Each structure stands twice: as structure tokens, then as C-alpha cells.
């Protein structure tokens with residue numbers, strides 16, 4: 001049975017490289033997405049078996065995109081393919097519904113193995129990350145899904161926070177999300193109040209720390 005995949009990453013060289021490698025293995029690449037919002041739209045439209053999801057993407061990050069895709073297309077398996085090795089970010093990705101997590105420094109053979117595993121209903125963690133979840137006696141640590149401060153803001157507020165941190169103007173955010181400028185301003189005030197951060201520079205720093213956006 002042919003495996004159907006969508007690749008979501010904001011770097012063209014990674015998208016095209018993965019597409020070529022996957023197709024050589026007989027895997028059908030249905031499409032590619034350049035940001036999280038596009039990834040959600042294409043997943044809903046094309047319903048892939050597997051979505052390869054970068055985390056730090058513009059417009060909508062991989063964590064939020066994963067949560068939306070799993071809600072709309074629950075059978076699609078999502079594998080995070082990221083440079084982030086922070087346990088906090090990994091926990092967020094699995095809490096959103098991902099089935100696998102691989103670092104971009106990994107060999108392609110590992111990604112291929114991960115695709116096979118998640119399609120069997122298993123979870124896959126790249127070995128260097130898996131070691132963070134196991135103590136010296138071989139017992140798995142229990143992981144908290146998300147840190148308390150991150151949980152203070154809603155999914156919609158996290159989406160708006162990302163756009164603010166990426167430098168989007170209030171008018172542009174309102175237009176992109178199909179709401180009024182007043183609504184965005186209200187969300188901005190609520191975000192600042194909940195996080196006790198009262199300037200854009202502080203919000204941007206928080207977004208970087210939480211993996212909502214990345215420093216290029």
C-alpha cells in the first residue's frame with residue numbers, strides 16, 4: 001500500500017531534499033507546505049497518512065498546526081522534524097498529538113524507520129531525545145505536557161502571539177484572521193495581562209523561549 005506524505009517546512013532546500021529522498025523510497029509526496037497554516041489546509045484537503053512537521057514556521061507554528069490537524073484529520077500521523085531538542089518543546093508537540101519526533105541532524109534512514117513505526121500505531125523518538133525520558137535505571141520519566149505560564153494563554157492567543165512576535169501589524173493580523181482590529185487589540189491586552197509582559201520585545205522573547213518562533 002502506497003504511503004502518502006505531506007512535508008511542512010519553511011526552508012525550500014529541506015522540503016525539496018526530503019521530497020527527493022522519500023520518492024526514491026517509493027513514498028508518495030502529495031504536497032509541500034511552507035508554513036503551519038498552509039500545512040493545516042493541505043492536510044484537511046489531501047488527508048495524508050503522514051505529515052512531516054517542522055516546529056518553527058512563520059504564520060502558525062508546528063505545535064499549533066499539529067493540534068488543528070489532529071482535530072480535523074485524526075488518522076494522519078504527525079512526525080516532528082526539528083532542530084529543537086528542548087524537552088519542554090518536545091512535550092508540547094506530543095501533547096498536541098504528534099506520534100514521532102526526530103532531530104534534523106538525524107540520518108534519513110531514521111526518518112524512514114520513524115514513518116514505518118508511526119503507521120503501525122507506535123510512537124518514535126530519536127535516540128538522543130529518548131534518553132532524556134529515561135533515568136539511569138531504565139525507568140521512563142513522567143512528563144508534564146506544558147509549563148504553567150504557557151498554559152495561561154489560549155490556542156487563539158498563542159496564534160496571535162506568534163504573529164505579534166513575528167512583527168505583524170495589528171491591522172494585518174486582523175485581516176489574516178478575519179476579525180476586527182478591536183478584537184486583536186483585546187487579545188493583545190489579555191495576553192500581556194496573563195503573562196505579565198507589557199511590551200512587544202518581552203512577548204517576542206517569551207515566544208522564542210517557548211519555541212513559538214525561532215531565531216534564524
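The values are calculated or read from the model by the stated rules, or taken from the named source; none is laboratory data. Computed from a prediction, not measured in an experiment: that's the story for all the values here. Every residue, glycine as well, gets a Cβ built from its backbone with ideal geometry; the counts of neighbours run over all protein chains shown.
Being loosely packed, with under 15 Cβ neighbours inside 10 Å, touching a residue at least 12 places away in the same chain (Cβ under 8 Å) and farther than 22 Å from residue 56 by Cα: is that true of residue 155 here? Outline the logic, then answer.
On the way: loosely packed, with under 15 Cβ neighbours inside 10 Å: yes; touching a residue at least 12 places away in the same chain (Cβ under 8 Å): yes; farther than 22 Å from residue 56 by Cα: no.
No.
Residue by residue through the range 92-118, note down the ones that are over 23 Å from residue 37 (Cβ atoms) and either in a helix (DSSP H, G or I) or not assigned by TED's automatic domain parsing to the domain that holds residue 25 (or both).
Within the range 92-118, 108, 109, 110, 111, 112, 113, 114, 115, 116, 117, 118 meet the criteria.
So residue 149 ticks every box in (1) assigned to a helix (DSSP H, G or I); (2) at pLDDT 80 or above; (3) touching a helix residue (DSSP H, G or I) at 6+ places or on another chain (Cβ under 9 Å) but one. Which box is left unticked?
Of the numbered conditions (1) assigned to a helix (DSSP H, G or I); (2) at pLDDT 80 or above; (3) touching a helix residue (DSSP H, G or I) at 6+ places or on another chain (Cβ under 9 Å), the odd one out for residue 149 is (2).
State which residue is surrounded by the fewest Cβ atoms within 10 Å (Cβ to Cβ) when the search covers only the range 43-67 and only residues that are more than 15 Å from the chain's Cα centre (by Cα) and closer than 21 Å to residue 101 by Cβ.
Going through the range 43-67, the residues more than 15 Å from the chain's Cα centre (by Cα) turn out to be 44-49.
Narrowing further to those that are closer than 21 Å to residue 101 by Cβ: 48-49.
Working: 48: 24, 49: 19.
The extreme case among them is 49.
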